[in-house]
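Participant: Structure incoming, see below.
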Amino acid sequence: MSKLALPLVSGLALALTAGAAFAQVPAGYPATYSATVDAAKKEGKVVVYGTTDAAAANVLVKDFEALYGIKVEYNDLNSTELYNRFIAEAAAGQGTADVTWSSAQDLQIKLVNDGYAAAYKSPEVPSLPSWANYKDTAYGVTYEPVAIVYNKRLVPEGDVPKNHADLLKLLTSKPDAYKGKVTAYDPERSGVGYLFFTQDDLAWKQAWDLFKAFGKTEIKLYTSAGAMIERVTSGEHLIGYGVFGSYALSRSKKDPNIGIVLPNDYTLIASRVAFVSGKAKNPNAGKLFLDYLLSKRGQTIIANQAELYSLRDDVEGEATVAKVKAVVGDKIRPIKIDDDLSSNLDATKRLKFLKQWQAALKGN
Amino acid sequence: MADLVIENLKLRYGALDILKGVSLSVEKGQIVALLGPSGSGKTTLLRCVAGLEEPFAGKISIAGKPFFDGAAGLNLAPEERGLGLVFQSYALWPHKTVFENVAYPLKLRKVSGADVKSRVARALESIGIGHLGERYPHQLSGGQQQRVALARALVYEPPVILLDEPLSNLDAKLREEARVWLRQLISDLGLSALCVTHDQVEAMAMADRILLLNGGVVEQQGTPEEMYAKPVSLFAAEFMGANTRLPGIAKVGPGGAAILDIGGETLSGIACGPLADGGKSAGVIRLERIRVADGPGPNRLKMTLAAEMYLGERYELLFKRGDLQVRTFSTTKLAGGDHWLEFPAPSLWVCALEG
Amino acid sequence: MPFAVFRLAVIAIMASAVLAPIGLIVYQSFLDAPFFAPRVHFSLDAYEFVLDDEDFWEALRTSIIVATGMTAISVPLGVVLAFLMARTDVPGKSFLEPLVLVPIFMSAVVLAFGYVVALGPVGIVSTFVKDILGTVPWNIYSVASITIIAGLTHVPHVYLYTAAALRNVGTDLEEAARTTGASPWRVALTVSLPMVTPAVLYAAVLVFFLGFELFGLPLVLGDPKGILVLATYLYKLTNKLGVPSYQLMAVVVVAIILIAIPLVGLQRWLLKSANRYVSIRGKAAKRAPLRLGALRWPAFALILTWFMVSVGIPVIGIAIRSVVTTWGEGVHLSEVLTLAHYRDLVDYPNAINAIVNTILIGVVGGALSVACYTAVALAMHRWNSGWTRLADYLIMIPRAMPGLVAGLAMLWLFLFIKPLAPFRATLFSVWVAYTTVWLAYGTRLVAGTMLQIGTELEEAGRSVGASQGRVARDVTLPLVKSGMLAAWLLIFLIFVREYSTGIYLLGPGTEIIGSLMVSLWGTGAIDLVSALAVINILIISAGLALALRLGVRLHG
């Protein structure tokens, strides 16, 4: 966490609160928004299910509470848990999340298509990239580059791949040095892994060559970012492929051994998707929270304290679109939040891709 | 009036018949001993009376009140029977003091605190352990534990007291004293008692009547004298007293007299149970009835003295002839070699050997 | 209240606590969608899919190998350990005794990660060995390693049952053998061991069964190579199809239950053939421990080695990880020392709350659970009836649910059974879930001590006029007091490390250490996970030390 940024943001928050104290309608919002704010205050709280860890989410939660005086009940869950819990609670007709905010983009889209979300056009829409808006219902909130991480201690400067092609070259030219030393999410056991690898397939025609090279160097596949980053920092593995840049960034601040590469041929951009639940007990507070996440104020915190990368062009700070673009230029490739994502969940398609994947690992 | 009546009681564990129809009655003020080898069902019978086992047929009643009736489906719970039971292991509760152990039944009967105190004190006093009230069972000797167990079973004045091998955990000397003391105590209190034992001496010493069980059926019952002097089967004859067995062939003589043929020599005796002419049989005689005679005569056999043991007040002698072995006693030391032994006809029972 | 009513009521409550989640899962296995979905049909497709899935058979095969292997390792070691501790003059017994049980209370994920830090390819021990030998002669990411580690960490289960049985074998039997000229070792092999065989076999069956629900170890150690066992197969199943498929998970649970049922039957049979009804009676002779002579210190070394390998090394691994910024090849640990992770933890939202909740559910929840287990044990105590047979099977079944599924089933119950709904987001629901899942363990603990009460002590109560209920209150319960205290301690320790069962029931305010660890693990904050794990271990050690100090005896 960057502690330095805190006084700055608090100051900013204070200024904003003072400015908007009267009607509490953020600048640029329609005047009718004050009705939503009033209703939300009457609801008094908002229940959020999120996959973002509590430490990162807490800064947002505290700021939102300070802004509106509405209590946030933030539940930190993993994406499968979030999905299981949400659909069961919705079916039981009992209280469930007012807002869900998950890194499993495909599952979120499925929930929208299955009718679990309330359509809501956020006043922030004009400030968002179009790929991050799904049917004026679900919105991408973050802008997280999918990175390659490496062990600075053990990987020679000349070996550090600058992009996917470099990595492919490295693995084919030095297969022995990197045998068993590369790691990635397992697409067979991790939803994120599956998503990233299918995106590679779409983005790059040599993707399958890279996957075959993975097979030749006996890549080690994991189910969690923690396991991967930990083993790269220890030197058990040297290169971690396809890791959330946000996790790598916060880790690299504590541990100088972690090097981060945003590939300059193309960098996938993942985004945590949020929507207001159709079964929300506090729908207005839910809308407020969603708008807050997308607002400049929320996004500034996302960029500077939560280290999740902001997707707004107008936000400044460390983890921002500008910073990513400074490295990879226009080679950014956001994972579009669209219907293609939900077809990711088609079992037949999945099994077919995984079969191909297994074959590639065996070198076929 | 009969205090405890048991009629045709039957009990089974799975496929195993334990009691095959046992009847008995205990008169008021009587001590009845249930005697038998292990596995004869005597403890099971006692537990049926206490309500700790459930028979499937028969009746048990005390002072006319039915406790168990197989046909009517009646079976009172143990706590509803109000009997006193003394366990073989005494079953004193280790977490309660002597006083608490004995007071517990009174508390259950909602006796007032002061009364509990005085009645427990009296009970402990009467059996000579008044000073041990504050101790825990594990701080007591075996004899003291037995007394506490008795006090606990007697303190609420049950009409019938049931004793399961009450003396078996005591050493030999203590056991003889305790037996006298126990008998006295029960008759002083005017109680009826049913007492399980495997020790025939103990049974005879303590009981007014003995019930001999064998394989779940009553083999014989009667006063100690009858049991000792008039057995009705080989089992009964051999179970009581110390005996010698003489294997042979039975011949039924004129007028029902029984004759035992031992390798051509014959001894006459009393038939014990039904006898088949020419059937394999055994003569059974109490050791103390065999006499060392001065020469040949009727009912005498010539045998060789094989061993002689000095017991203090007398000698125990072992005689042999071929496979035949006979033990007896003598007040004087005997010279080695051959002697004539006499087996008096009125004391020699001739019983059919089964199988 | 008549005792029979109490009995039936307890069994009925217990049965519904067990059958509700299990029934729901079995029902779910025959559907084609989540049971709460609007359109749902009966279907055998889920069975067809799982039985056709080669991963399932692979996972089953690995589970069988691991279960068999760990049984083969833990049984002989556990028996030797029990013999040394219960019967010999091995030095430092009072110090070793609590240590021996520690592996039971360690969270398997924590242990497994500790092994990675210590013995992994670039682990602290491994790099040291590599400097000497030039190579690391082991690979902890293999089925063999998982089996060995699982075997070592399940030694306490065998130890517990065998030591208790050994303490019940009369001293005279062993002394008789010594006087006829047998050496202590011969006595052990030819007298003591045969006497406790039923108990050993019972424990063996238990360990074998526990092998099928292993989760934490294969999750961490099987990760790099994608080794699957039944419980981790559930994860893969979810992902393969993209969306969690409850019917498929349910089928796997049904498969585990089908494995469990004959094992429970086998255990019952073994118990029957064991001399189960051993009484506390008379004055037990003071037992003179067998003298090991020259073997004393080697025996001590053996126990210590086992302890170091199964607990010491991973715990040291975790502890080191919690005070360094980084580790691994080419890192000098002395240069990267830090206490920052602990400081971060203090700032971490709800971390303190989680620690408090964990202790609360361990201490208070543990006590309440023991009360429930005691009620169940009392209800089944010396009750020869078909109900107890049924209850014996029921008790075991929740163990057949991997934590992941148990957690889901509990969520469903608290959602769809209306009277329970208000309790969903409270610690109460977590407690109910824990209590149900650990029913078998807790009830056996209490029932074990109850069986040691001589029957006649209870019959004596009946014969002097106490009803069954009064006997239970005035005789049975006071006599098992120390057993209940020990059970409380053990359940406390288990609850403190448990998490997966409650994962869906936790919310803001009801976090526990385990759930925090899981969420931190997912984001890669393994430094914080390590610090939390160390705190968890400290709580466990403190609980253990305090209880032993207060005179709680763990067994016998």
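The values are calculated or read from the model by the stated rules, or taken from the named source; none is laboratory data. Just so we're clear, the structure is a prediction, and the values are computed from it rather than from any experiment. Counting neighbours? That spans all protein chains shown, and the Cβs are built from the backbone with ideal geometry, glycine included. Ligands, DNA and RNA are stripped out before the accessible areas are found, and what is left, the full protein with its side chains, is counted by its heavy atoms. Shrake-Rupley method; radii C 1.70, N 1.55, O 1.52, S 1.80 Å.
Participant: Give the residue, chosen from A:SER310, A:SER343, that is of a type in the set (S, T, N, Q), out of contact with any Pro (no Cβ under 9 Å at 6 or more places or on another chain) and at pLDDT 90 or above.
Facilitator: A:SER310
Participant: Among all residue pairs at least 6 apart or on different chains, which show Cβ distances below 7 Å where the first residue, located in the range A:82-96, is more than 7 Å from every other protein chain (Cβ to nearest Cβ) and touching a residue at least 40 places away in the same chain (Cβ under 8 Å) and the second is aromatic (Phe, Trp, Tyr) and assigned to a helix (DSSP H, G or I)?
Facilitator: A:THR96/A:PHE86
Participant: Sort through A:ALA322, A:ALA274, A:ALA285, A:ALA303 and tell me the only one that's free of Cβ contacts under 8 Å to residues at least 12 places away in the same chain and more than 14 Å from chain C (Cβ to nearest Cβ).
Facilitator: Going through A:ALA322, A:ALA274, A:ALA285, A:ALA303 in turn, just one is free of Cβ contacts under 8 Å to residues at least 12 places away in the same chain and more than 14 Å from chain C (Cβ to nearest Cβ): A:ALA322.
Participant: Any idea which of (1) closer than 21 Å to C:THR523 by Cα; (2) within 17 Å of the chain's Cα centre (by Cα) is the one A:GLY240 doesn't satisfy?
Facilitator: Failing condition for A:GLY240: (2).
Participant: Which number in (1) in the same structural domain as C:VAL196 (by TED's automatic domain parsing); (2) crowded, with 21+ Cβ neighbours inside 10 Å marks the one condition that C:GLN247 misses?
Facilitator: Answer for C:GLN247: the failing condition is (1).
Participant: Are there strands (runs of 3 or more DSSP E) fully within the range A:217-304 with at least 2 residues that are aromatic (Phe, Trp, Tyr) and surrounded by 24 or more Cβ atoms within 10 Å (Cβ to Cβ)? List them.
Facilitator: Ranges flagged: A:239-244.
Participant: Could you tell me how many of the residues in the range C:480-516 are without any contact (Cβ under 8 Å) to a residue 12 or more places away in the chain and open to solvent by less than 10 Å² (accessible area, probe 1.4 Å)?
Facilitator: Of the residues in that region, 0 qualify.
Participant: Of everything in the range C:517-527 that's open to solvent by less than 10 Å² (accessible area, probe 1.4 Å) and either touching a residue at least 24 places away in the same chain (Cβ under 8 Å) or within 18 Å of C:GLY362 (Cα to Cα) (or both), which residue is farthest from the other protein chains (Cβ to nearest Cβ)?
Facilitator: C:ASP527
Participant: Tell me, please, whether a residue that is within 19 Å of C:LEU302 (Cα to Cα), assigned to a helix (DSSP H, G or I), in contact (Cβ under 8 Å) with a residue 40 or more places away in the chain and touching a strand residue (DSSP E or B) at 6+ places or on another chain (Cβ under 8 Å) can be found in the range C:56-73.
Facilitator: No: the range C:56-73 contains no residue that is within 19 Å of C:LEU302 (Cα to Cα), assigned to a helix (DSSP H, G or I), in contact (Cβ under 8 Å) with a residue 40 or more places away in the chain and touching a strand residue (DSSP E or B) at 6+ places or on another chain (Cβ under 8 Å).
Participant: Ok, one more. Could you check the range C:410-464 for helices (runs of 4 or more DSSP H) lying wholly inside it with 2 or more residues that are more than 26 Å from C:SER482 (Cα to Cα)?
Facilitator: Because the criterion is at least 2 residues that are more than 26 Å from C:SER482 (Cα to Cα), the helices (runs of 4 or more DSSP H) in the range C:410-464 that meet it are C:427-437.
Participant: Just wondering, is there one or more residues in the range A:343-362 that are in contact with a strand residue (DSSP E or B) (Cβ under 9 Å, 6 or more places away or on another chain), more than 14 Å from chain C (Cβ to nearest Cβ) and of a type outside the set (Phe, Trp, Tyr)?
Facilitator: No - not one qualifying residue is present in the range A:343-362.
Participant: So C:TYR161 clears everything in (1) at pLDDT below 85; (2) within 14 Å of chain A (Cβ to nearest Cβ); (3) crowded, with 24+ Cβ neighbours inside 10 Å except one condition, right? Which one?
Facilitator: Here C:TYR161 clears every test but (2).
Participant: Output the residues belonging to the range C:181-225 that are within 14 Å of chain A (Cβ to nearest Cβ), farther than 20 Å from A:SER79 by Cβ and open to solvent by 30 Å² or more (accessible area, probe 1.4 Å).
Facilitator: Matches in the range C:181-225: C:LYS225 only.
Participant: In addition: Name the single residue, out of those in the range B:244-261 being surrounded by fewer than 18 Cβ atoms within 10 Å (Cβ to Cβ) and more than 12 Å from B:LEU353 (Cα to Cα), that is farthest from the chain's Cα centre (by Cα).
Facilitator: B:PRO254
Participant: Only helices (runs of 4 or more DSSP H) wholly contained in the range C:467-556 count here; list those with 2 or more residues that are closer than 25 Å to C:TYR342 by Cα.
Facilitator: Result: C:481-497, C:513-523, C:526-549.
Participant: To continue, here is another question. Looking only at the range A:154-165, count every residue that is part of a loop (DSSP other than H, G, I, E, B) and either open to solvent by 70 Å² or more (accessible area, probe 1.4 Å) or closer than 16 Å to A:GLY245 by Cα (or both) and tell me the total.
Facilitator: Residues flagged as part of a loop (DSSP other than H, G, I, E, B) and either open to solvent by 70 Å² or more (accessible area, probe 1.4 Å) or closer than 16 Å to A:GLY245 by Cα (or both) within the range A:154-165 amount to 3.
Participant: Could you check how many residues of the range A:243-271 are within 21 Å of A:TYR194 (Cβ to Cβ), within 14 Å of chain C (Cβ to nearest Cβ) and either touching a Gly at 6+ places or on another chain (Cβ under 7 Å) or not small (Gly, Ala, Ser) (or both)?
Facilitator: Within the range A:243-271, residues that are within 21 Å of A:TYR194 (Cβ to Cβ), within 14 Å of chain C (Cβ to nearest Cβ) and either touching a Gly at 6+ places or on another chain (Cβ under 7 Å) or not small (Gly, Ala, Ser) (or both) number 3.
Participant: Tell me the residue from A:VAL192, A:VAL149 that is of a type outside the set (S, T, N, Q), buried (at least 24 other Cβ atoms within 10 Å of the Cβ), more than 30 Å from A:LYS287 (Cβ to Cβ) and within 14 Å of another protein chain (Cβ to nearest Cβ), please.
Facilitator: One residue alone meets the criteria, A:VAL149.
Participant: Kindly list the number of the only condition in (1) within 11 Å of chain C (Cβ to nearest Cβ); (2) surrounded by fewer than 22 Cβ atoms within 10 Å (Cβ to Cβ); (3) at pLDDT 95 or above that fails for A:ASN133.
Facilitator: (1)
Participant: So in the range A:168-189, with the set limited to residues that are touching a helix residue (DSSP H, G or I) at 6+ places or on another chain (Cβ under 8 Å) and facing another protein chain (nearest Cβ under 10 Å), which one is modelled with the highest pLDDT?
Facilitator: A:THR183
Participant: A further question follows. Which count do you get for residues in the range B:68-80 that are surrounded by fewer than 24 Cβ atoms within 10 Å (Cβ to Cβ) and within 14 Å of chain C (Cβ to nearest Cβ)?
Facilitator: 5
Condition check ((1) in a loop (DSSP other than H, G, I, E, B); (2) in the same structural domain as A:GLY215 (by TED's automatic domain parsing)) across all residues:
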position	(1), (2)
A:ASP313	yes, no
A:VAL327	no, no
A:ARG333	no, no
A:THR348	no, yes
A:LEU351	no, yes
A:LEU354	no, yes
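Participant: For the range C:326-393, list the helices (runs of 4 or more DSSP H) that sit wholly inside it and hold at least 2 residues that are out of contact with any strand residue (DSSP E or B) (no Cβ under 7 Å at 6 or more places or on another chain) and open to solvent by 60 Å² or more (accessible area, probe 1.4 Å); which are they?
Facilitator: C:340-347, C:351-360
Participant: If you don't mind, there's one more thing I want to ask. Which pairs do you get when a residue that is within 12 Å of chain A (Cβ to nearest Cβ) and over 16 Å from C:LEU415 (Cα atoms), found in the range C:26-45, comes within reach of a residue that is aliphatic (A, V, I, L, M) and open to solvent by less than 20 Å² (accessible area, probe 1.4 Å), reach meaning Cβ atoms under 6 angstrom, with the pair 6+ apart or on two chains?
Facilitator: C:VAL40/C:LEU31; C:VAL40/C:ALA33
Participant: Would you kindly identify the strands (runs of 3 or more DSSP E) lying entirely within the range B:1-114 that contain at least 1 residues that are under 26 Å from B:VAL180 (Cα atoms)?
Facilitator: B:2-13, B:16-27, B:31-35, B:84-86
Participant: Now for a different question. Would you mind telling me which numbered condition in (1) closer than 30 Å to C:THR190 by Cβ; (2) in contact with an Asp or Glu (Cβ under 7 Å, 6 or more places away or on another chain); (3) among the aliphatic types (A, V, I, L, M); (4) not in a helix (DSSP H, G or I) C:VAL122 fails?
Facilitator: (1)
Participant: One residue is enough: does the range C:7-14 have a residue meeting the conditions modelled with pLDDT under 90, open to solvent by 30 Å² or more (accessible area, probe 1.4 Å) and of a type in the set (A, V, I, L, M, F, W, C)?
Facilitator: The answer is yes; a qualifying residue exists.
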